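A.B. asks: Below: one structure in structure tokens.
The values are calculated or read from the model by the stated rules, or taken from the named source; none is laboratory data. Values in this document were obtained by computation on a predicted structure and should not be read as measured data. Counting neighbours? That spans all protein chains shown, and the Cβs are built from the backbone with ideal geometry, glycine included.
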Amino acid sequence: MFRLHVPRNAWIISNIQALLSPLVIGLGLFAVSATNALASTTIVGTVGTSGKYLVTGAPVTTSSVTVLKLSFENKTAGANLELCAGTLADFAAGTCAIRLSDSGGPGFVFLTITDTAQLSGKIIFVQRVVGILSSEFALTVE
């Protein structure tokens with residue numbers, strides 16, 4: 001009878017490979033999905049009776065030029081909102097120094113592509129320009 005020589009630990013190695021392959025694939029898929037999940041932030045807020053909503057609590061700071069994609073949507077009928085960048089004084093006065101986006105009615109999402117250098121040193125805020133009722137909005141930053 002002819003016997004094939006198989007090392008004693010071959011069974012252990014094949015079992016470890018069988019267990020590790022799905023684990024490695026799963027971790028790879030998790031890493032890819034986690035990277036995409038961290039690529040954007042969505043802020044949903046309501047512009048109340050003041051007519052303004054402060055989005056950033058501090059001025060934007062950047063050391064490099066990076067492109068930002070901003071998607072802005074007004075979710076309330078009967079109101080128009082604008083997405084602005086400016087100083088705290090602009091916010092207090094209700095002045096939109098840099099208009100990043102205007103809103104349409106509910107269901108319209110407007111895309112703005114800008115670089116961070118334009119926003120450096122500015123705060124970002126939303127203000128109501130038409131209407132008097134509280135107005136809900138969504139802002140997605142990528």
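A.B. asks: Do you know which residues across region 72-117 are under 21 Å from Ile132 (Cα atoms) and among the charged types (D, E, K, R)?
C.D. replies: The answer is Glu73, Lys75, Glu82, Asp90, Arg99, Asp102.
A.B. asks: Where in region 58-142 are the strands (runs of 3 or more DSSP E), entirely inside, with at least 2 residues that are on the phi > 0 side of the Ramachandran plot and free of Cβ contacts under 8 Å to residues at least 60 places away in the same chain?
C.D. replies: Filter on region 58-142 gives an empty set.
A.B. asks: Taking region 112-133 on its own, how many of its residues are more than 16 Å from Ile43 (Cα to Cα) and surrounded by fewer than 19 Cβ atoms within 10 Å (Cβ to Cβ)?
C.D. replies: Total satisfying the criteria: 13.
A.B. asks: Could I ask something else about it? Please specify each residue of region 90-111 satisfying the condition of being surrounded by 15 or more Cβ atoms within 10 Å (Cβ to Cβ), among the hydroxyl-bearing types (Ser, Thr, Tyr) and farther than 13 Å from Val55 by Cβ.
C.D. replies: Hit for region 90-111 is Ser103, nothing else.
A.B. asks: Are any of the residues in region 16-29 modelled with pLDDT of 80 or more, among the hydrophobic types (A, V, I, L, M, F, W, C) and over 20 Å from Leu133 (Cα atoms)?
C.D. replies: no
A.B. asks: Since Glu82 meets every condition but one in (1) among the charged types (D, E, K, R); (2) surrounded by 16 or more Cβ atoms within 10 Å (Cβ to Cβ); (3) at pLDDT below 95, which condition does it not meet?
C.D. replies: If we test Glu82 against (1) among the charged types (D, E, K, R); (2) surrounded by 16 or more Cβ atoms within 10 Å (Cβ to Cβ); (3) at pLDDT below 95, just (3) comes out false.
A.B. asks: Which one is surrounded by the most Cβ atoms within 10 Å (Cβ to Cβ), of the residues in region 44-54 that are at pLDDT 95 or above and farther than 15 Å from Thr95 by Cα?
C.D. replies: Here the residue is Val47.
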